[in-house]
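Inspection log for the structure reproduced underneath, given as structure tokens.
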Amino acid sequence: MYEVQTKTFLDGWVNCWNLNDKPHFFDTRKEAQEELDDFLQTVKVAVEMGAMMENYERDDYRIIKLEIEN
């Protein structure tokens, strides 16, 4: 399992990716990367159209593999 983490000022790296108000996880790194790429592209378009003022930086996101204990 993988998660997309966002760098936050107060809490450091946290999983802010939610689905139905619960943290969202991905089965593969590729799925997580595609989701992150799509999100950042959507934000870029919103900035270009004037719907948002500031673009998000890719460096503020990372994908990590979760160590799951049985």
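The values are calculated or read from the model by the stated rules, or taken from the named source; none is laboratory data. Everything numeric in this text was worked out from a predicted model, so none of it was measured. Cβ: placed from backbone, ideal geometry, glycine included. Neighbour counts: every protein chain shown. Heavy atoms of the whole protein, side chains included, go into the accessibility calculation; ligands, DNA and RNA do not. Shrake-Rupley method; radii C 1.70, N 1.55, O 1.52, S 1.80 Å.
Given the -39500 (n - 2.57) contribution per DSSP H run of 4+ residues, what per-residue ellipticity at 222 nm results for the chain, rounded to the nearest 500 deg cm²/dmol?
Numbers: 1 runs with 21 residues, N = 70.
When only DSSP H runs of four or more count, the value is -10500 deg cm²/dmol.
Out of the chymotrypsin sites (Phe, Trp or Tyr not before Pro) in the chain, which ones are loop residues according to DSSP with at most 11 other C-beta atoms within 10 Å? Intermediate results must be reported in sequence, preceding the final value.
On the way: sites: Tyr2, Phe9, Trp13, Trp17, Phe25, Phe26, Phe39, Tyr56, Tyr61; in loops: Phe9, Trp17, Phe25, Tyr56.
For chymotrypsin sites (Phe, Trp or Tyr not before Pro) across the chain that sit outside H, G, I, E and B with at most 11 neighbouring Cβ atoms in 10 Å, the list reads Phe9.
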Regression test value, accessible area per residue of segment 12-70, probe 1.4 Å, units Å², expected 82
Straight-distance crosslink candidates among aspartates and glutamates, where the alpha carbon sits under 20 Å from Lys30 and sequence neighbours closer than 8 are dropped: Glu3, Asp38, Glu57, Asp59, Asp60, Glu67
Degrees, to the nearest 10: 29-49 long Cα axis against longest axis of the chain: 20
Let's test this: bin the Cα-Cα distances of the chain at 10 Å from zero up to the farthest pair and state each bin's percent. 19, 46, 29, 5, 1
Sparsely packed GluC sites (Glu not before Pro) within the chain, loop by DSSP, other Cβ within 10 Å at most 11: Glu54, Glu57, Glu67, Glu69
